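What follows is calculated from the coordinates using simple rules that are stated; it is not laboratory data. Computed from a predicted model, the values in this text were never measured in an experiment. In this analysis, Cβ positions are derived from the backbone assuming ideal geometry, glycine residues included, and neighbour counts consider all displayed protein chains.
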Amino acid sequence: MESRFGPEELARYRERYSEQGEALADRVYTSRLIGAEPDLVLHGGGNTSVKTSARDLFGRDVRVLHVKGSGSDLARIEPAGLPALLLQPLLELRALGALSDENMVAQQRRALVDPTAPTPSIETLLHAFLPAAFVDHSHADAILALTNQPDGASRVRALFGSRVGWVPWAMPGFALAKSAVEIFEKDPDVVGLVLEKHGLVTFGDDAKTSYERHIELVGRARSFIDGQTEGRRPLDARPVVAMREWKEIASVVRGALAVRTGDLERPFRRFVLEKRSSDEILHFAAAEQGPELAASAPITPDHVIRTKGRYLFIERPPYGNLEALATRLREEIEEYRSSYAKYFDRNVAAKRVERTMLDPTPRVLVLPGIGLVAAGATRRDARIAADIAEHTVRTKIWAASIGRYEGLSEGELFDMEYWSLEQAKLRRDAQAKLEGQVALVTGGAGAIGEGVARELLRAGANVVLVDVDEARLAAATERIGDERCLGVRCDVTDEGDVRDAFLHAAERFGGVDVVVVNAGVARVGALADLALSDFEAAVDVNLKGAFLTLREALFQLRRQATGGNIVLVSTKNVFAPGIEFGAYSASKAGAHQLGRVAALEGAAIGVRVNLVNADAVFGEAENRSGLWQEVGPGRAAARGIAPEELEEFYRNRNLLKARVTAGHVGRAVVFFACQETPTTGAVLPVDGGLPDAFPR
Ligand code: ZN
């Protein structure tokens, strides 16, 4: 690990943040350098600080501590992400014998110079008590590989000599801060402290010194490990052949992980999955020691919140038989849940505390030949868990190859997992209705498709936009600009394409729960003159495309076995056809009927199928309806009006004089997808009220 410190870069930071002062500018710069190394800090693990002085309202100089606030990421931190606290009241806390976590947080907030600033790190007191101006703290992988050993202390001593102090395990917060400063005071010449099974702290009088000490110590640990493992595979590998690709088994895994809620309206809570399969992970998943290491405790305590303590290692999965695989996964996940519940009960009883048990579902699975699979309530949660698991696997391989990996004890882990402050980190606002769900929308780049996608995203779903027009698809996904939205090119009239689109969704998110059958085309022409090719074009997309999409949706949802929702975007023409619109009206009527049959067949597997009958949606300026651009002139001619008068014509013909938008169609789709009512086979008109087209 090399120092990335550059004096020119530092000068630029000092210029940019001249108002905030040199100390804070320097702190921002080297905090970002630390944050840029994923081997040092991952998702909020790690924090930095600087002590400086500030002028109060009376013009007096006061000592302040700027420390990382919760919610900021070191890699992109700004001065505001390092709120200032009055140092003196924090230092006085050291005299206390004990301090509860809630009280500690209250005292820290009370010391904030700006009471509206973000809550300071839970490791604030560690930064406050150490006297150096700059303090850097990380959970570096290479350091953890050394400390997470039965003889971690002597290994650290052997490598670093007396340059660092060794701090035995203590819960982060007051206890750790106190013990760390006591150890420092016994030998104030040390340049850093290694925290058992937790991480590294370095310090210095200036930003460069503290940062470079950090990089140097971590780099030295890393070279030591590399020297020990050079040229050999560190674990004993067993040959593993995965007979299937991840995308083929993803929905089976996802179905097995889903939690039965007992709520008839929403019977399942689902997870988004994220698969990782680097060489290192595949090696781990195939290794003799894999199951034992996967079951061992996390490398650093706060990971337990994201990944739970134990990863679920599935030995010799029956990939060849998906039904057997599903059964096996369900059994193992059930077993994991019940053993988690026992762990919870055991610790609550031993510690005589009252806690509410968290969801006992595993968050990381290891599948030989496939890799590791992380589960999260949202895509972001799944990715965070996967990032952590990747680093964990590597660190455990290192630890096992230089000695024997040893994590925290069960009791220590429980304290961390059920720590009130950590629980607060996870507390979120009201859960979005479609959180954890994945929707696939055909005709996704069109005006209605984009509107539907936006509403689904707003409701918390992840969305796969499927469209035949690649350029339009790219434009729509860019306009939407959300990492939960994936564009996939697919011609709905091609069965291979349709299957691939569902597999793409499985690869990215783990499966599909909501399918919106929306792709459609129109051709204008009186029956007496209608070309067969025009009729066939409409039937191909509107009817055959709907069939292929419904077939694949029902097939995949049956395999996933957690129910689901299909919404078919139909049309008012099914009930009230128009002249010179035979190809469209007939092909859509066929699709409509298929949707009703799908409702009959889907009920047995918990799949609801409903229809939305929209009237002319012309789209918005940035995404005009392709269908209407094509058929608009013909429809206008059939009505004896100019093309630009068409939208107004449609608005005026409905009872409510409403302009029907893609957003309206999207909200109707979301209504069905959320299972607000026990409804299937229903038709919901979104047309401003057209008596001729009232469903009957
Ligand atoms: Zn820490």
- With point charges of +1 on the Cβ of Lys and Arg and -1 on the Cβ of Asp and Glu, referenced to the Cα centre of the stretch 246-424, which listed residue (Tyr343, Leu264, Thr392) lies farthest in the positive direction of the dipole? Leu264
- Note on the structure: Looking only at aspartates and glutamates whose Cα falls under 14 Å of Lys342's and that sit 8 or more positions away or on another chain, we get Glu334, Asp359, Glu410
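Please say if the stretch 192-273 is rounded, prolate or oblate, where rounded means a/c under 1.5 for a ≥ b ≥ c the square roots of the C-alpha gyration tensor eigenvalues, and otherwise the choice is prolate for a/b larger than b/c and oblate otherwise? All intermediate terms of the calculation are to be shown ahead of the outcome.
Working: a/c = 4.09, a/b = 1.73, b/c = 2.37.
Taking the square roots of the gyration eigenvalues as a ≥ b ≥ c, the stretch 192-273 is oblate.
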- Item | For peptides 456-462, 435-441, 144-150, 287-293, sequence by mean Cβ density within 10 Å, most packed first | 435-441, 144-150, 456-462, 287-293
- Message: For a quick check: with amide H placed at 1.01 Å from N, whose amide H comes under 5 Å from Val240's, ignoring anything fewer than 5 positions away on the same chain?
- Response: none
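Where does each of 337-344, 403-410 land if you order them by average Cβ count within 10 Å, highest first?
403-410, 337-344
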- Item | Dipole magnitude (debye, nearest 20) for the stretch 98-167, charges at Cβ of Lys, Arg, Asp, Glu | 240
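Please list 98-108, 580-590 highest first by mean number of surrounding beta-carbon atoms within 10 Å per residue.
580-590, 98-108
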- Item | Relative contact order %, the chain, counting alpha carbon pairs below 8 Å whose residues are six or more apart | 10
- Task: Indicate the gyration tensor shape class of the stretch 246-424 (rounded, prolate or oblate), computed on the Cα atoms with a ≥ b ≥ c the square roots of the eigenvalues: a/c under 1.5 is rounded; otherwise a/b larger than b/c is prolate and the rest oblate.
- Result: oblate
- Query: What percent antiparallel are the DSSP beta bridges of the chain, to the nearest 5?
  - Reply: 50
- Hey, if you put +1 on the Cβ of every Lys and Arg and -1 on every Asp and Glu Cβ in the chain, which of Asn652, Phe174, Leu10 ends up farthest toward the positive end of that dipole? Phe174
- DSSP bridge pairs, the stretch 129-241: antiparallel proportion in percent, nearest 5: 70
- Beyond 31 Å between alpha-carbons counts as too far, so tell me which of Lys351/Lys396; Lys247/Lys572; Lys308/Lys433; Lys186/Lys351 fall in that bin. Lys247/Lys572; Lys186/Lys351
- Tell me what the chain gives for mean residue ellipticity at 222 nm when only DSSP H runs of n ≥ 4 count, each as -39,500 (n - 2.57), the sum divided by the residue total, rounded to 500 deg cm²/dmol. -14000 deg cm²/dmol
- Item | Computed magnitude of the charge dipole of the chain (debye, nearest 20; Cβ of K, R +1, Cβ of D, E -1) | 1300
- Positive dipole terminus of the chain, leading residue within Met416, Leu65, Ala294 (C-beta point charges): Met416
- Estimated dipole of the stretch 421-525 in Debye, rounded to 20 [Cβ of Lys and Arg +1, of Asp and Glu -1, Cα centre]: 460
- Task: Mind checking which aspartates and glutamates have their Cα closer than 14 Å to the Cα of Lys657? Skip sequence neighbours fewer than 8 apart in that chain.
- Result: Asp615, Glu647, Glu648, Asp687
